[in-house]
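The values are calculated or read from the model by the stated rules, or taken from the named source; none is laboratory data. Small disclaimer: the values here were computed from a predicted structure and weren't measured. Ideal geometry is used to build each Cβ from the backbone, glycine not excepted, and the neighbour counts take in all protein chains shown.
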2 protein chains.
Amino acid sequence: MKSVMRSLRILEAVAQQQPVTVGELAKHFGLPKSTVQRTLVTLREAGWLRASRGDTTRWEIGARVLAVRPAALQGSSLFAAAREPMMRLRDAVNETIHLSVLDGLQSMVVVDRADCDRAVRTFHQIGDTSPLHATAAGKAVLAHLRAGEVAEVLARGLQGYGEATITDPDLLRAELEQVRRDGYAVNRNQFRVEVCAIAAPILERDGTPLAAVAVSMPDSRFDPDRLPELGRTVAETAAEIIGRRLG
Amino acid sequence: MKSVMRSLRILEAVAQQQPVTVGELAKHFGLPKSTVQRTLVTLREAGWLRASRGDTTRWEIGARVLAVRPAALQGSSLFAAAREPMMRLRDAVNETIHLSVLDGLQSMVVVDRADCDRAVRTFHQIGDTSPLHATAAGKAVLAHLRAGEVAEVLARGLQGYGEATITDPDLLRAELEQVRRDGYAVNRNQFRVEVCAIAAPILERDGTPLAAVAVSMPDSRFDPDRLPELGRTVAETAAEIIGRRLG
DNA sequence: ATCTCCATGCCACATTGTGGAACGGTGTGC
DNA sequence: GCACACCGTTCCACAATGTGGCATGGAGAT
């Protein structure tokens, strides 16, 4: 369904570039203006877009999208439960904290952020996705998936993102074992170079991994000596979120 | 664009009923299963839907939607700024707190919530919309719109939702004047019967209204004598959010 | 083993979306 | 103050695209 696909791509582009004009979008996609225009009008009729308040020929995302959220965030229980613990973790370590959820078995998606106040910091937008096998949050979750699910992920192959990425299934399985022992996962330049993170999983009552909290920092501030202590702190934050969520 | 419209409706239905099957959706819309199926597959290819983790023939919202948010929430500045003040307000009054943003000049949309722990409480889902002229949050915002914008809203007519709704433009204008004087707006059964709220606006530096914080409670707990005090508390919370947002 | 229900795949048809061209309005530079 | 360039919007003939009835295959119940 070409028109549907295109409409969603346009919707995403509006989200990134808002407030944006027809012409800008047409240029961005190399599409005729009339096609883009028609799509924008349809999206507005559906309530997903609207004219910008200042300039009525510019387009913005409407608030309808807020009613559409992944089940894990429905009623915002995870979200609400994670807030204060995340803030406190941020204040304790003065590094950026991310809350990511598992999307299918595909990837981790950043759903919330608490920024530190340092001049140099890592940056991940809400909605950004990252691979399971090459990030701290991903490995924290992966370590608690059922064996069959892990196999499914490995079967898709382990793409490399630089020197440090683990691309060997056996090595990865060994590391997941380590993650289970430690209670936290570590990523040093395995996905984005210069970016390190330490993450702990957020589990359902039955042990199903749902999400992960992660402390993210530039490689220059990663101190291996403080790793066990930091790991424990992150794991405690995750435990607190689990506690709040389940009452 | 019929297919686009239909796809978005289906997406919204999945959001509400997830995890949901093809058959359920087909019945819900009175559409052929093949049509629904094709749409679901397209939405999956776009990354907006995915198969449920437990039951692969059930469908859920994918995390892609999280990358698409209204400009007012981009970088989550409003969101992040509002959190702690909302929590504190909730703890102070032990009633449910809502954060709503203005969507175009159409309606207010609930974007965040802090629930109280009472057995009887009001309930508004994140993403719910409500009219500007018949809610506390709406009137708080309306009171700070430019005259031309207010006229535009009034021109669309003031729909009644029961006895208490203000449907006379002159009366509404007078009330907005009062709201500006008080610094907060009140809604007693004007939209949903039995539901009352007190709201204060969140303004941009230039005075443009962006959102509102509201304390929401059942009519049975609404005490007119305590209104001025409650109003002041809500207005203080709004002021604090503004302060945090603008640094 | 038979029946029913369901998700999914197929394909001829006409409905639907396409995109080039034209229109009207706005702002810029000569 | 005129001409030009640019932009958002509208129109319409054409055919590409989505439609939905039907067929298939698998799962679960009787």
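If only one of B:L203, B:L172 is at negative phi, touching a helix residue (DSSP H, G or I) at 6+ places or on another chain (Cβ under 8 Å) and without any contact (Cβ under 8 Å) to a residue 40 or more places away in the chain, which one is it? Full working, then the answer.
Details: B:L203 fails: without any contact (Cβ under 8 Å) to a residue 40 or more places away in the chain.
Exactly one residue qualifies, and that residue is B:L172.
Taking B:S100 and the conditions (1) in the same structural domain as B:A199 (by TED's automatic domain parsing); (2) more than 16 Å from DNA strand D (Cβ to nearest atom); (3) free of Cβ contacts under 8 Å to residues at least 40 places away in the same chain, which numbered condition does it fall short on, given that it satisfies the others?
Tallying (1) in the same structural domain as B:A199 (by TED's automatic domain parsing); (2) more than 16 Å from DNA strand D (Cβ to nearest atom); (3) free of Cβ contacts under 8 Å to residues at least 40 places away in the same chain, B:S100 fails exactly one: (3).
Considering only residues that are at the interface with chain B (Cβ under 8 Å from one of its Cβ atoms) and either surrounded by fewer than 21 Cβ atoms within 10 Å (Cβ to Cβ) or more than 24 Å from B:T35 (Cβ to Cβ) (or both), which ones fall in segment A:33-44?
Here is the first cut: in segment A:33-44, the ones at the interface with chain B (Cβ under 8 Å from one of its Cβ atoms) are A:38-39, A:42-43.
The answer is A:R38, A:T42.
Of the numbered conditions (1) surrounded by fewer than 19 Cβ atoms within 10 Å (Cβ to Cβ); (2) β-branched (V, I, T); (3) away from chain A (no Cβ under 13 Å), B:I202 satisfies every one except a single condition; which is it?
B:I202 satisfies all of (1) surrounded by fewer than 19 Cβ atoms within 10 Å (Cβ to Cβ); (2) β-branched (V, I, T); (3) away from chain A (no Cβ under 13 Å) except (1).
From the list A:G47, A:G30, pick out the single residue that is more than 7 Å from chain B (Cβ to nearest Cβ), more than 16 Å from DNA strand C (Cβ to nearest atom) and not aliphatic (A, V, I, L, M).
Values: A:G30 fails: more than 16 Å from DNA strand C (Cβ to nearest atom).
Just one listed residue meets the conditions, A:G47.
Is it the case that B:L11 is within 28 Å of the chain's Cα centre (by Cα), under 30 Å from A:M1 (Cα atoms), within 16 Å of DNA strand C (Cβ to nearest atom) and within 10 Å of chain A (Cβ to nearest Cβ)? Let's see the steps before the verdict.
Working: within 28 Å of the chain's Cα centre (by Cα): yes; under 30 Å from A:M1 (Cα atoms): yes; within 16 Å of DNA strand C (Cβ to nearest atom): yes; within 10 Å of chain A (Cβ to nearest Cβ): yes.
So B:L11 fits the description; yes.
Can you find even one residue in segment B:89-97 that is under 27 Å from B:V153 (Cα atoms) and in a strand (DSSP E or B)? Full working, then the answer.
Just the residues of segment B:89-97 that are under 27 Å from B:V153 (Cα atoms), to begin with: B:97.
Now narrow it down to the ones that are in a strand (DSSP E or B): B:97.
Looking for residues that are under 27 Å from B:V153 (Cα atoms) and in a strand (DSSP E or B), one finds at least one in segment B:89-97, hence yes.
Return a yes/no flag: does segment A:62-85 have any residue that is of a type outside the set (V, I, T), away from DNA strand C (no atom under 16 Å from the Cβ) and modelled with pLDDT of 90 or more. Please lay out each step first, then the result.
Applying the first criterion (of a type outside the set (V, I, T)) to segment A:62-85 yields A:62-64, A:66-67, A:69-85.
The next check asks that each one be away from DNA strand C (no atom under 16 Å from the Cβ); those that pass are A:62-64, A:66-67, A:69-85.
Right, trim to modelled with pLDDT of 90 or more and you get A:85.
Yes, the conditions are met somewhere in segment A:62-85.
Within segment B:175-182, can one find any residue that is part of a helix (DSSP H, G or I), touching a Pro at 6+ places or on another chain (Cβ under 9 Å) and not polar (S, T, N, Q)?
Yes, segment B:175-182 contains at least one residue that is part of a helix (DSSP H, G or I), touching a Pro at 6+ places or on another chain (Cβ under 9 Å) and not polar (S, T, N, Q).
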